[in-house]
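The values are calculated or read from the model by the stated rules, or taken from the named source; none is laboratory data. All figures in this text were calculated on a predicted structure; none of them were measured in a lab. In this analysis, Cβ positions are derived from the backbone assuming ideal geometry, glycine residues included, and neighbour counts consider all displayed protein chains.
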């Protein structure tokens, strides 16, 4: 896969239950918040640091109030955004590469 760090968003905007990411190459991705949250790149969401002895996964369909709602989006340097979710989750840092990959994968599966 080609290095994607040349791609940078020119705009990120919340649109109800999606975010719109416009890229410097003209591409636009509208990503549902459900996909964005389910693909959270943080260590907690990816199972790092959990041991078999003390980890009890949240049973699907339980999701706390605000799980799929964005409180705010904060810039992280010139390479990412930190999405703060209304349920208090705030450790997901979405690099441009991660956002681009999520957008491309979602677009490819919904053609």
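Brief remarks on what is shown
- For residue 106: the one exception among (1) under 12 Å from the mean Cα position of the chain (by Cα); (2) assigned to a loop (DSSP other than H, G, I, E, B); (3) modelled with pLDDT under 95: (2)
- Any hit, the range 72-85, residues being closer than 16 Å to residue 40 by Cα, at pLDDT below 95 and touching a strand residue (DSSP E or B) at 6+ places or on another chain (Cβ under 9 Å): no
- Meets criteria (farther than 14 Å from residue 9 by Cβ, modelled with pLDDT under 90 and surrounded by 11 or more Cβ atoms within 10 Å (Cβ to Cβ)) for residue 63: yes
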